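**Q** Handing you this structure, nothing more for now.
Read-outs: derived from the displayed coordinates by stated rules, not from any lab. These figures come from a predicted structure and were not determined experimentally. We place every Cβ from the backbone using ideal geometry, glycine too, and count neighbours over all the protein chains shown.
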Amino acid sequence: MVAKPLSTEAALDVRLSTLAGCWLELRCPRHQGIVLYPLDLLRRQHGDRPLRAILARFRCQRCGGPPSPVYLCETPQRVPGHGAPPGWSVELRAPVIPRPT
Ligand SMILES: [Zn+2]
């Protein structure tokens, strides 16, 4: 059971090992797709770094743009739906309005 970080700033400074079992939920403002990433996988790929360092590297695999919004989630489900009830979540990056192309 991982304690919920008290703020966005606090969450960004937490190392991945402290957040074992948590998930990142990322959206691309252009594609509206949702990508869920287990933090354990990110730790294996990038090492035990603060979340801030990992988030700075993330780009949409389709358009290369920075994802937003980004949430840190206790479970891979931030909003109520089917299956297990959602755990806590912290907004790491606020949604942006995509510019018209
Ligand atoms: Zn995209």
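**Q** Mind listing whichever residues of segment 67-82 are within 16 Å of the ligand (Cβ to nearest atom), buried (at least 16 other Cβ atoms within 10 Å of the Cβ) and part of a loop (DSSP other than H, G, I, E, B)? Don't jump to the end; show me each part of the working.
**A** Of all residues in segment 67-82, those within 16 Å of the ligand (Cβ to nearest atom) come to 67-70.
Those left that are additionally buried (at least 16 other Cβ atoms within 10 Å of the Cβ): 67-68, 70.
If the condition is that a residue be within 16 Å of the ligand (Cβ to nearest atom), buried (at least 16 other Cβ atoms within 10 Å of the Cβ) and part of a loop (DSSP other than H, G, I, E, B), then PRO67, SER68 are the ones that fit.
**Q** Only one of these conditions is not met by ILE97: (1) in contact (Cβ under 8 Å) with a residue 40 or more places away in the chain; (2) part of a strand (DSSP E or B); (3) among the β-branched types (Val, Ile, Thr); (4) within 16 Å of the ligand (Cβ to nearest atom). Which number is it?
**A** Of everything listed in (1) in contact (Cβ under 8 Å) with a residue 40 or more places away in the chain; (2) part of a strand (DSSP E or B); (3) among the β-branched types (Val, Ile, Thr); (4) within 16 Å of the ligand (Cβ to nearest atom), ILE97 misses just condition (2).
**Q** Specify the residue that is farthest from LEU41 (Cα to Cα); the eligible residues are those in segment 70-94 that are touching a residue at least 40 places away in the same chain (Cβ under 8 Å) and of a type in the set (S, T, N, Q).
**A** It comes out as SER89.
**Q** So, one more: Do the conditions hold for ARG57, that is, is it surrounded by fewer than 16 Cβ atoms within 10 Å (Cβ to Cβ), out of contact with any Pro (no Cβ under 6 Å at 6 or more places or on another chain) and basic (Lys, Arg)? Lay out the reasoning, then the answer.
**A** Details: surrounded by fewer than 16 Cβ atoms within 10 Å (Cβ to Cβ): yes; out of contact with any Pro (no Cβ under 6 Å at 6 or more places or on another chain): yes; basic (Lys, Arg): yes.
Against the criterion (surrounded by fewer than 16 Cβ atoms within 10 Å (Cβ to Cβ), out of contact with any Pro (no Cβ under 6 Å at 6 or more places or on another chain) and basic (Lys, Arg)), ARG57 qualifies.
**Q** Tell me which residues, restricted to segment 23-55, are assigned to a loop (DSSP other than H, G, I, E, B), more than 14 Å from ALA11 (Cβ to Cβ) and more than 16 Å from the ligand (Cβ to nearest atom).
**A** Start the filter on segment 23-55 by keeping residues that are assigned to a loop (DSSP other than H, G, I, E, B), which leaves 28-33, 47-49.
Add one more test, that the residue is more than 14 Å from ALA11 (Cβ to Cβ), and what stays is 28-33, 47-48.
Passing the criteria: GLY47, ASP48.
**Q** Continuing with the same structure: Could you give me the residue pairs with C-beta distances under 7 Å whose first residue belongs to segment 25-47 and is more than 21 Å from PRO86 (Cα to Cα), whose second residue is of a type in the set (Gly, Ala, Ser) and away from the ligand (no atom under 15 Å from the Cβ) wherever it lies, and which are 6+ apart or on separate chains?
**A** Within 7 Å, the pairs are ARG43/SER17.
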